[in-house]
1. Answer yes or no as to whether THR141 is buried (at least 17 other Cβ atoms within 10 Å of the Cβ), touching a residue at least 12 places away in the same chain (Cβ under 8 Å) and assigned by TED's automatic domain parsing to the domain that holds VAL113.
2. Residues ARG236, ARG251: which one is in contact with a helix residue (DSSP H, G or I) (Cβ under 9 Å, 6 or more places away or on another chain) and assigned to a strand (DSSP E or B)?
3. Just checking, which of GLN29, GLN21 is of a type in the set (S, T, N, Q), in a helix (DSSP H, G or I) and in contact with a helix residue (DSSP H, G or I) (Cβ under 9 Å, 6 or more places away or on another chain)?
4. For segment 157-171, enumerate the residues that are under 18 Å from SER234 (Cβ atoms) and either hydrophobic (A, V, I, L, M, F, W, C) or modelled with pLDDT of 95 or more (or both).
5. Just to be sure, is GLY146 part of a strand (DSSP E or B), at positive phi and not polar (S, T, N, Q)?
6. Given the options SER161, SER127, SER150, name the one that is surrounded by fewer than 16 Cβ atoms within 10 Å (Cβ to Cβ), within 21 Å of SER206 (Cα to Cα) and not aliphatic (A, V, I, L, M).
7. Can you pull out every residue in segment 198-251 that is buried (at least 16 other Cβ atoms within 10 Å of the Cβ), under 30 Å from GLU86 (Cβ atoms) and of a type in the set (A, V, I, L, M)?
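The values are calculated or read from the model by the stated rules, or taken from the named source; none is laboratory data. The structure presented is a predicted model; accordingly, all values stated were derived computationally and were not measured. Here the Cβ positions follow ideal geometry from the backbone for every residue, glycine too, while neighbour counts run over all protein chains shown.
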Amino acid sequence: MMKTYAIVYKQDHYSKKIAEQLREGLSHQMIYDEDSPELVISVGGDGTMIYSVHKYIEKLETVSFIGIHTGTLGFLTDYQCDECDELIQDILKGEYKTYSRCLLEVSFDSKKVLGMNEVRVENNRRSQVINVYINDDFFETFRGNGLCVSTASGSTAYNKSLGGAVIHSGAGLMQLSEIAGIHHNAYRSLGSSLILDWTHRIRFESSDCDGAILGVDNYVFDLKGETSIDVKLSDRKVRFVQYKRVPFIKRLKRSFLSE
């Protein structure tokens, strides 16, 4: 059983109540350590889980994550809000498996940022022109609102709303999808999502990014002028604890198909 833990919760009354219940149930056998936890419990939806990962992004090699769902979408969480006692007992029992989810590494303007769900270049003021290179080979010139690169975990997030494919969360893949691409006789790009493995690197180049933003999960960076952005699958991964098995297909049905 892990010895130290921390809780990150959505800022609403119900999530706070669940967090307090968890802390009370675990207090006799585990130590609450917000600085150096072995286990981080996320209470909320997928947005809260992503926030939790970014909060401990510098400690990924020593921390594991588990989630309880009190939000709107719980694809990344194993426990429902009425299973708080079950989660406490499973943690205290200490029998678990771990699995990893891939991250994206984004390089731009001498910065490097990690993303769990997606990286997107978007411009809602005008059509954005982006030259796309894959492993330094020119692939296409895109014109439209922007482009999105998602991980397998992020394939069910923004990528899904763009018409991209849903990919099993354990796959070491990234997906390039268009955001409102322009297609006619003069301008044409691939028009469908492109799925690539870890041997590929994507580069976006534009001579004018004024008005555009770079989104990395829930973080936003303003872009301007001539810009070059490199995206690849990171060597670092996020480790999740699994106390009970929740099959991928069950997650899909629970999140998108069940009433």
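1. Values: buried (at least 17 other Cβ atoms within 10 Å of the Cβ): no; touching a residue at least 12 places away in the same chain (Cβ under 8 Å): yes; assigned by TED's automatic domain parsing to the domain that holds VAL113: yes.
It is false that THR141 is buried (at least 17 other Cβ atoms within 10 Å of the Cβ), touching a residue at least 12 places away in the same chain (Cβ under 8 Å) and assigned by TED's automatic domain parsing to the domain that holds VAL113.
2. Values: ARG251 fails: assigned to a strand (DSSP E or B).
So the residue among ARG236, ARG251 that is in contact with a helix residue (DSSP H, G or I) (Cβ under 9 Å, 6 or more places away or on another chain) and assigned to a strand (DSSP E or B) is ARG236.
3. On the way: GLN29 fails: in a helix (DSSP H, G or I).
Every option except GLN21 fails the conditions.
4. Of the residues in segment 157-171, the ones under 18 Å from SER234 (Cβ atoms) are 157, 159, 167, 169-171.
Scanning segment 157-171 gives ALA157, ASN159, ILE167, ALA171.
5. On the way: part of a strand (DSSP E or B): yes; at positive phi: yes; not polar (S, T, N, Q): yes.
Taking the combined requirement at face value, the residue satisfies it.
6. Details: SER161 fails: within 21 Å of SER206 (Cα to Cα); SER150 fails: surrounded by fewer than 16 Cβ atoms within 10 Å (Cβ to Cβ).
The unique qualifying residue is SER127.
7. Matches in segment 198-251: VAL238, VAL241.
This table checks each residue for (1) buried (at least 21 other Cβ atoms within 10 Å of the Cβ); (2) touching a His at 6+ places or on another chain (Cβ under 7 Å); (3) modelled with pLDDT of 95 or more; (4) among the aromatic types (Phe, Trp, Tyr).
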{"position": "TYR14", "(1), (2), (3), (4)": "no, no, yes, yes"}
{"position": "ASP33", "(1), (2), (3), (4)": "no, no, yes, no"}
{"position": "PRO37", "(1), (2), (3), (4)": "yes, no, yes, no"}
{"position": "VAL43", "(1), (2), (3), (4)": "yes, no, yes, no"}
{"position": "GLY47", "(1), (2), (3), (4)": "no, no, no, no"}
{"position": "SER52", "(1), (2), (3), (4)": "yes, no, yes, no"}
{"position": "THR62", "(1), (2), (3), (4)": "no, no, yes, no"}
{"position": "GLY71", "(1), (2), (3), (4)": "yes, no, no, no"}
{"position": "GLY74", "(1), (2), (3), (4)": "yes, no, no, no"}
